[in-house]
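Heads up: the structure comes next, in structure tokens.
FYI, it's all coordinate maths here, none of it is from the lab. From a predicted model like this one, the values you see are computed outputs, not experimental measurements. Here the Cβ positions follow ideal geometry from the backbone for every residue, glycine too, while neighbour counts run over all protein chains shown.
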Amino acid sequence: MSTRPRRKVVTSSATAAALFSVVLLTTSCEAGTQPTSTRSTGLSTGASAATSPSAPPSSAAPTTPVGLVALGHSGLTAENSDPATPHAPVPENSWATGTNPKVMSIYQRMVAEWPETRDHVFNAAQGGAQAATLDAQAQAALSIVPSPRLVVIQTVDNDLNCPMDDSTVADFGTSVEKAVQTITSQSPRSRIFFVLYAGHIADQFQADLDAAKGDPATLAEMTGPPPCGILDKNHRVQKESAAYLADKVEKLNGQLVKVCAKYATCATDKGSEYDLTLPANGLNANNDHLNVVGLAAVAKFYWPFVKSLLATG
């Protein structure tokens, strides 16, 4: 992917490399953002899935799966995509579940293809969410749309910490599988679509450096010893740090692939997001999340993957 917003990966080190900055599709997220729902009455934000008055739980799962739900982080909530509401989720702009005709989300495309999809949609994603929250998100979403035809999951980003050991990677996989088990137990015919983390880490580090030039405070923040410092004392990208993070990304993605392979109803994008080139005007003014143009590009890119997946069941 040629253009990505900037985010920060938290480190536990007390060195000058206090933050491990990475360019991502979804960036530093607003923690605590509540699930969002899209129903016939419109969009509701700030209410939990269990209590949202605009989205009462269905009494029983339909015989045939219908609709979609989304689980994950702010990449799915369209956070900071509306200049009028900075740093806030904008559910109508979500590339997965939104209703803004300028985005033409996966949901809108499903409605056009399968009209029965209409009003069967719920977005449980939360800004700042880690994989450990996916199971709770799944339970909330399934209380609203009990048997979705499609479940979109976008995670990894907020679990990228530096340093990271193998036990953290294993815990990530356990959390992901718990959510998938919840989904398949309640709705065994639902199709599950994982968006893998994509990005060329060395290029991302260089983009961070280019963006930070002329900003001494940011350069200082990025400088420190490897593996958690992007830059050395001469403000050069450290290959060791890029290789370290690339390895962690590969391992977390590997957990997604491993879990997904256990379930016939699950598929990943196989890292195809590498092939997505965002429009030059696809980021918000802060370069930290996608705007409507960027979100529309993502929805258009993923639709063929989703349509193919749904055609198999």
The extension gain from Asp119 to Ala211, computed as 0.36 nm times the residue separation minus the Cα-Cα distance, is 29.0 nm
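Would you order Ile144, Ile201, Ile153 from fewest to most other beta-carbon atoms within 10 Å of each residue's own beta-carbon? Let's see the in-between values first.
Working: Ile144 25, Ile201 22, Ile153 28.
Ascending number of Cβ neighbours within 10 Å: Ile201, Ile144, Ile153.
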The alpha-carbon center of region 67-86 and that of region 143-182 are separated, in whole Å, by 18
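Taking the radius of gyration and the Kirkwood hydrodynamic radius from Cα positions alone, what is the Rg/Rh ratio for region 179-242, to two decimal places? Don't skip to the end; give the middle numbers.
Details: Rg = 19.1 Å, Rh = 14.3 Å.
Ratio of gyration radius to Kirkwood radius for region 179-242: 1.34.
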So, with points 7 Å from each Cα along the Cβ direction, the Ala202-Ala112 label distance in nm works out to 4.0
Pseudo-spin-label distance Arg189 to Lys262, built 7 Å along Cα→Cβ, given in nm, is 2.4
Residue span Thr64 to Asp165: 0.36 nm per residue of separation minus Cα-Cα distance leaves a gain in nm of 32.1 nm
Amide H proximity to Cys266 below 5 Å, modelled H, separation 5+ or other chain, gives Ile192
In order over region 151-167: 3J(HN,Hα) from phi, Karplus 6.51/-1.76/1.60, θ = phi - 60°, whole Hz, x for each Gly or Pro, gives 10, 9, 10, 10, 9, 5, 3, 7, 9, 7, 10, 10, x, 9, 9, 5, 5
When Asp232, Asp166 are arranged by how many other beta-carbons sit within 10 Å of their Cβ, fewest first, they go Asp166, Asp232
Treating only Lys and Arg (+1) and Asp and Glu (-1) as charged, each at its beta carbon, one finds that region 174-224 has a dipole about its Cα centre, in Debye to the nearest 20, of 520
Fewest-first ordering of Met110, Met164 by Cβ atoms within 10 Å yields Met164, Met110
